[in-house]
Amino acid sequence: MGKPNVGMLVSQLREEEKLLLRAFASHGIDPVRLTDRKLQLELTDLTWLQEMELDVVLDRCLAHGRAGIVLQALDVAGVRSVNTRRAAVIADDKVECSLILGARGIPTLRTFMAFTVESALEALEQVGYPAVMKPVAGSWGRLLGKVNSPGAARALLEHKRQLGSYHHSMFYIQEYIEKPGRDLRIFIVGDDIVAGSYRSAEHWVTNVARGAVSAPCPITPEIAEISMRAAKAIEVEIAGVDLVETPDGLKVIEVNGGAEFKGLMSTTEYDIAQHIVDYVVNSCSDSQSSSLNGTYSASKQSMANGE
Amino acid sequence: MTITCPECGAEFQLDSIEVGEIIQCPECGVELEVLETDPVKLALAPDEEEDWGE
C-alpha cells in the first residue's frame with residue numbers, strides 16, 4: 001500500500017507530540033490532527049469519520065475520558081487506533097489493571113478496594129501502615145495519599161468522601177513500598193522494549209510530572225520479562241510500564257497507555273518518537289506488528305542500552 | 001518571530017511554533033496555547049483537568 005492516512009488524537013502539542021509529527025514527516029506523512037476540544041462527534045452516524053478514510057489513529061490525548069470516547073467511535077467506525085480503545089480503557093482503570101495483573105500472576109502491589117470509610121479502614125489494617133491511597137482513575141501523581149496511621153487515614157477518607165464525585169468515595173488502597181528513592185519507567189513499543197529509566201526523587205512520589213529526575217536504566221532479563229508480561233496482559237502496544245524494586249523482587253506499579261517519554265529522552269540517544277511512528281506506520285501494512293503475542297526483541301534492548 | 005504575551009504584555013522571541021503547542025511566557029510564566037501562527041494568535045492554555053495524564 002502507499003502512504004497510510006494517519007490521524008493523531010491530541011489535546012495539545014507537547015514536546016513529545018512535536019517529535020512524533022517530525023517522525024511522521026520523515027515518512028512523508030502529515031497526520032490529520034484530531035484535537036479533542038474541537039471535535040463534534042455525531043455518534044448516531046459515523047459516516048463523517050469513515051469519510052476521513054483514516055488507516056490508523058495514534059492516541060496522544062491527555063484527557064482519558066475524551067480519549068475513551070473518541071477511540072470508541074473509531075472502533076465502531078472500523079478505524080484502527082494505537083493503542084486500541086480496549087487497551088486504553090483498561091490502562092486508565094487502576095481497578096481493572098490490578099485485577100488483571102493479579103489474575104495473571106504478574107508481581108504487583110497488594111491492593112484493596114472499599115466503598116465506605118469503615119470498610120476502608122479495615123482494608124488498611126490488612127495492608128498495614130503506611131499505605132497508599134489513589135484515585136481509581138488518575139495520573140501524574142495527582143491526589144495520591146500516603147497514610148501513616150488510622151487517624152490520618154480516617155481524616156483522608158472523610159475528606160475524599162466530601163469531594164463530590166462518587167469516584168472519590170471508591171477507595172483504592174495499596175501497600176506502600178519503601179523504595180530506594182527511585183522507581184523504573186520501561187517504555188514498550190509493540191514487541192520491543194525501547195528504553196528504560198530510573199526516576200529518582202526525594203519525595204515518595206516519583207513521577208516525572210512531579211519533578212523526578214531520570215537516569216539510564218539497563219534492561220535486565222528480569223525487567224524485560226515483567227514489563228512485557230504486564231504490557232501484554234493490559235493489551236497495550238505502546239506503554240510505559242512503571243516498576244518498583246522491593247525485597248521480593250520487581251513489582252509492577254502501573255501500566256500507562258498514553259505514556260510520556262520526555263524524561264526517558266534525557267537518558268538515551270535512542271529515537272523513541274521515531275520508533276513509535278515506525279511501528280504505527282508499519283502496522284498499517286503488516287498485520288503481524290499488531291499481534292499481542294510477540295516476544296521481547298533483544299536487539300532493541302541492546303540499542304536501548306547503548307551497546 | 002516576536003510574540004506578545006496576552007497575559008502580561010511581555011514581548012519575546014521564538015524560532016518556530018506550531019498550532020496546538022503550549023509555550024511559556026518567560027516574563028510572567030503563564031502557559032499559552034498557540035491558536036494560529038500566521039499571524040500569531042495566543043490564548044491562555046487550558047487548565048489541567050482531573051482525568052489528564054498518561
Residue A:27 paired with residue A:269, simple spin-label distance in nm, labels 7 Å along Cα-to-beta-carbon = 2.5 nm
request  = Would you mind checking the pairs A:18/B:41; A:146/A:262; A:18/A:134 and listing those with alpha carbons more than 24 angstrom apart?
outcome  = A:146/A:262; A:18/A:134
ask   = With N residues in the stretch A:6-92, what two-decimal value do you get for its Cα radius of gyration over 2.2 N^0.38 Å?
value = 1.03
request  = Under a cut-off of 14 Å between alpha-carbon atoms, report the aspartates and glutamates in cross-link reach of residue A:251, not counting same-chain residues fewer than 8 places apart.
outcome  = A:175, A:178, A:183, A:222, A:225, A:242
key: Cα centre as origin, Lys/Arg/Asp/Glu Cβ charges: the stretch A:110-175 dipole, Debye   = 260 debye
key: nm² value of the averaged projected area, convex hull over the Cα atoms of the stretch A:88-193   = 7.7 nm²
task = Mind jotting down a quarter of the surface of the convex hull over the alpha carbons of the stretch A:1-158, in square nanometres, one decimal?
result = 12.7 nm²
Rg/Rg_ref, the protein assembly as shown, where Rg_ref = 2.2 N^0.38 Å and atoms are Cα = 1.02
task = Can you tell me the 0 to 90 degree angle between the C-alpha axis of helix A:64-76 and the longest principal axis of chain A, rounded to 10?
result = 40 degrees
inquiry  = Could you tell me the relative contact order of the stretch A:110-175? Use alpha-carbon pairs under 8 Å, at least six residues apart, and round to a whole percent.
reply    = 51 percent
ask   = What dipole magnitude, in Debye to the nearest 20, does chain A give about its Cα centre under +1 on Lys/Arg Cβ and -1 on Asp/Glu Cβ?
value = 700 debye
remark   = Filtered hits (aspartates and glutamates, Cα-Cα < 16 Å from residue A:3, offset >= 8 within chain) -> A:30, A:53, A:55, A:278, A:286
message = Can you order the peptides A:98-106, A:270-278 by their average number of other Cβ atoms within 10 Å per residue, highest first?
response = A:270-278, A:98-106
task = Name the cysteines of the protein assembly as shown that stand alone by the Cβ rule: no other cysteine Cβ under 4.7 angstrom.
result = A:61, A:97, A:217, A:284
note = Burial-style ranking of A:166-177, A:28-39, average other-beta-carbon count within 10 Å with highest first, yields A:166-177, A:28-39
ask   = Across 10 Å bins from 0, what is the distribution of all Cα-Cα pair distances for chain B, in whole percents?
value = 24, 55, 17, 3
note = Here the gain from full extension of residue B:1 to residue B:31, 0.36 nm per residue of separation minus their alpha-carbon distance, amounts to 9.0 nm
request  = Which order do the peptides A:52-58, A:111-117, B:7-13, A:184-190 take when ranked by the mean count of other beta-carbon atoms within 10 Å per residue, highest first?
outcome  = A:184-190, A:52-58, A:111-117, B:7-13
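Every number here is computed from the coordinates shown, using simple stated rules; none is lab data. Bear in mind that the values here come from a model prediction, so they are computed numbers and not experimental data. Cβ: placed from backbone, ideal geometry, glycine included. Neighbour counts: every protein chain shown.
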